[in-house]
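Colleague: My structure is below; once you've seen it, I'll send some questions.
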Ligand SMILES: *Cc1c(COP(=O)(O)O)cnc(C)c1O
């Protein structure tokens, strides 16, 4: 499958390739024009996801960025303010889309490992004052990418949801890796469905589909989201070939995420004993992030791994990230550990 058969690519869980079984599901998909609402495979995936989360409706989108940006657009008016963590994907990695697409400002929160608390959220809400932007939407990320794959507890989220309800704010979840959190904490999608006005999940990360994301919400919300998706150029035609991969991923690749989490723990243990590592973030899911200790530089460590055919990501000036996924075997993890010991 790999172009470079011996390449160990842990830069991201987006590098996963579809399995033979997934490609068979894609090849056999029944398709139609999804802009006409006539693609049976897309409709099936959307219905399946909505049922799973016990939410009214779902929309298949081209990417996680697209589903987040559609949600923000539907929930807000220009001039509104969004409350989120300063490391969140919607703020850091979506090209300024909050301003570009929705004309909104942001109130950025601190908090350990990308996690915000109910009291942080409450304090960030603007008073009803004509000088202030109208606080409208709270966006959480679970698991947190820059926070090292950290998860919220459902109680933390329920407390934030209460604050939102009291202050008539809407609540969106960037759940690009939500299934990693669900598997790690033994929680159900339905428990999340009850707490959020909208949820975005990625099929193309460690669930292993080549393309796609799902946006979930009420029937009214998804009707508006479908219109915005079209405006954003995301109305796809015979998208059922992609939706079939997404459905296969949801049905076959969720429980196995525990394997990736175990692999992440093994790598974290090896890193803890190593002289080029400091400030390893707590590892709870499939992401491992650490700071490179002096006199080593992150660039130099990335190169050292590369010499052993291991591709890791430099995240910031001195942080390196590993992300585990379904194309990384235990043998590859052992090679990574041997390499860590040799640097
Ligand atoms: C990957 C990711 C997204 C969406 O990314 P796309 O590449 O657009 O699918 C959104 N949020 C988080 C936290 C992510 O890690």
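Colleague: Compute the separation of the alpha-carbon centres of the range 128-166 and the range 192-228 and state it in Å as a whole number.
Modeller: Comparing the Cα centres of the range 128-166 and the range 192-228, I get a distance of 17 Å.
Colleague: Fewest Cβ neighbours within 10 Å first, please rank 137, 324 accordingly. Walk me through the numbers before you get to the answer.
Modeller: On the way: 137 25, 324 29.
By the 10 Å Cβ count, ascending: 137, 324.
Colleague: Which shape class applies to the range 192-247: rounded if a/c is under 1.5, otherwise prolate when a/b exceeds b/c and oblate if not, where a ≥ b ≥ c are the square roots of the Cα gyration tensor eigenvalues?
Modeller: Details: a/c = 2.33, a/b = 1.17, b/c = 2.00.
Cα axes put the range 192-247 in the oblate bin.
Colleague: Could you tell me whether the chain comes out rounded, prolate or oblate from its Cα gyration tensor? Rule is a ≥ b ≥ c as square roots of the eigenvalues, rounded for a/c under 1.5, then prolate if a/b exceeds b/c, otherwise oblate.
Modeller: Details: a/c = 1.96, a/b = 1.21, b/c = 1.61.
Cα axes put the chain in the oblate bin.
Colleague: Looking only at the range 203-233, which residues have a backbone nitrogen under 20 Å from a spot 7 Å from the Cα of residue 194 in the C-beta direction?
Modeller: 216-219, by backbone N distance to the label point.
Colleague: Compute the Rg to Rh ratio over the range 256-342 from the alpha carbon atoms, using the Kirkwood formula for Rh, and round to two decimal places. It would help to have the intermediate numbers written out before the result.
Modeller: Numbers: Rg = 11.9 Å, Rh = 12.8 Å.
Reported Rg/Rh, Kirkwood definition of Rh: 0.93.
Colleague: Follow-up. As an exercise, use a Förster radius of 35 Å and the Cβ-Cβ distance of residue 255 and residue 126 to find the FRET efficiency, rounded to the nearest 0.05.
Modeller: Working: r = 43 Å, r/R0 = 1.22.
Result of the calculation: an efficiency of 0.25.
Colleague: Right, something else. Taking a ≥ b ≥ c as the square roots of the Cα gyration tensor eigenvalues, with a/c under 1.5 meaning rounded and otherwise prolate when a/b beats b/c, else oblate, which class fits the range 1-112?
Modeller: Values: a/c = 2.48, a/b = 1.33, b/c = 1.87.
Oblate, since a/c reaches 1.5 and b/c is not below a/b.
Colleague: Sticking with this structure for a sec: Taking the mean number of other Cβ atoms within 10 Å as a proxy for protection, how do you rank 196-209, 55-68 from highest to lowest?
Modeller: Numbers: 196-209: 26.3, 55-68: 23.8.
Top to bottom by mean Cβ count within 10 Å: 196-209, 55-68.
Colleague: Considering Cα pairs under 8 angstrom that are at least six residues apart, work out the relative contact order of the range 20-252 and quote it in whole percent.
Modeller: Numbers: 474 pairs, mean separation 73.5, N = 233.
Once normalised by length, the contact order is 32 percent.
Colleague: For residue 293 and residue 35, calculate 0.36 nm times their separation in residues minus their Cα-Cα distance, and state this gained length in nm to one decimal. Provide the component values of the computation, followed by the final result.
Modeller: Values: separation 258, 0.36 × 258 = 92.88 nm, distance 5.20 nm.
My answer for the length gained is 87.7 nm.
No value in this document is a laboratory result; all are computed from the given coordinates. Remember, predicted model here, so these are calculated numbers, not experimental data. In this analysis, Cβ positions are derived from the backbone assuming ideal geometry, glycine residues included, and neighbour counts consider all displayed protein chains.
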